[in-house]
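Peer 1: Got a structure for you, written out below as structure tokens; questions coming shortly.
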Amino acid sequence: MTIEWRYTTHENLGVLSLAGFLGADAVHRFSGAVHWVLARGTGPVILDLTELRGWSVGGQLAVAQASRELTAEGRSLELAAIPADGSLVPDTTHPPIPVHTDLPTALAAHRHAGEQVREWCSDDWPGPQNTAVHGCS
């Protein structure tokens with residue numbers, strides 16, 4: 001099984017939501033989603049893991065790598081709703097990653113996030129889509 005993703009931009013903030021299981025077979029797809037995010041939007045990126053069923057150590061390390069890539073581009077990564085099976089694997093090579101209990105809490109930390117501007121997602125994204133701004137199929 002792989003992951004599905006949805007990326008939503010707000011004014012100076014992005015939300016990358018994942019669904020499925022972030023294991024070794026999904027790391028390449030996740031990396032592609034992160035590169036999609038880097039090419040679109042500005043400001044911090046909240047990685048919304050509400051729909052993620054779990055993640056492997058390799059998946060967690062991919063999240064740490066995403067944090068490094070975003071930081072190199074002047075952006076930061078925050079996590080929302082990490083899977084119950086554990087926290088991010090400790091890795092002193094990545095910048096600190098704030099962790100929020102859920103997406104509403106993460107968005108509240110960015111009071112000026114504003115309304116959704118644009119949305120993209122993978123073909124089989126299982127969650128709701130904002131039809132006013134989406135590029136999802």
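Peer 1: So which of Arg53, Arg75, Arg6 ends up being more than 17 Å from Asp124 (Cα to Cα), basic (Lys, Arg) and touching a residue at least 12 places away in the same chain (Cβ under 8 Å)? Give the derivation first.
Peer 2: Working: Arg53 fails: more than 17 Å from Asp124 (Cα to Cα); Arg6 fails: more than 17 Å from Asp124 (Cα to Cα).
Only one candidate passes the filter, namely Arg75.
Peer 1: Condition first: open to solvent by less than 10 Å² (accessible area, probe 1.4 Å) and either under 14 Å from Ile82 (Cα atoms) or in a helix (DSSP H, G or I) (or both). Now tell me which residues in region 16-32 satisfy that. Break it down into steps so the answer makes sense when it comes.
Peer 2: First, pick out the residues of region 16-32 that are open to solvent by less than 10 Å² (accessible area, probe 1.4 Å): 16-20, 22-23, 26, 30.
Leu16, Ser17, Leu18, Ala19, Gly20, Leu22, Ala26, Phe30, listed by residue number.
Peer 1: Mind listing just one residue for me: the one in region 36-68 that is over 28 Å from Ala108 (Cβ atoms) and assigned to a helix (DSSP H, G or I) and, of those, nearest to the chain's Cα centre (by Cα)? Lay out the reasoning, then the answer.
Peer 2: Looking only at region 36-68, we keep the residues that are over 28 Å from Ala108 (Cβ atoms), and these are 56-58, 61.
Restricting the remaining residues to those that are assigned to a helix (DSSP H, G or I) gives 57-58, 61.
Details: Val57: 17, Gly58: 16, Leu61: 14 Å.
That would be Leu61.
Peer 1: Residue under question is Pro90, and the condition is that it be modelled with pLDDT under 90 and either open to solvent by 30 Å² or more (accessible area, probe 1.4 Å) or of a type in the set (A, V, I, L, M, F, W, C) (or both); does it hold? Full working, then the answer.
Peer 2: Working: modelled with pLDDT under 90: yes; either open to solvent by 30 Å² or more (accessible area, probe 1.4 Å) or of a type in the set (A, V, I, L, M, F, W, C) (or both): yes.
Taking the combined requirement at face value, the residue satisfies it.
Peer 1: When region 34-68 is examined, which residues are found to be farther than 12 Å from Leu16 by Cβ, surrounded by 15 or more Cβ atoms within 10 Å (Cβ to Cβ) and among the hydrophobic types (A, V, I, L, M, F, W, C)?
Peer 2: Correct list: Trp55, Leu61, Ala62, Ala64.
The values are calculated or read from the model by the stated rules, or taken from the named source; none is laboratory data. Bear in mind the structure is a predicted one, so any value in this text is a computation, not a measurement. In this analysis, Cβ positions are derived from the backbone assuming ideal geometry, glycine residues included, and neighbour counts consider all displayed protein chains. Please note that ligands, DNA and RNA were not included when accessible areas were found on the heavy atoms of the full protein model with its side chains. Shrake-Rupley method; radii C 1.70, N 1.55, O 1.52, S 1.80 Å.
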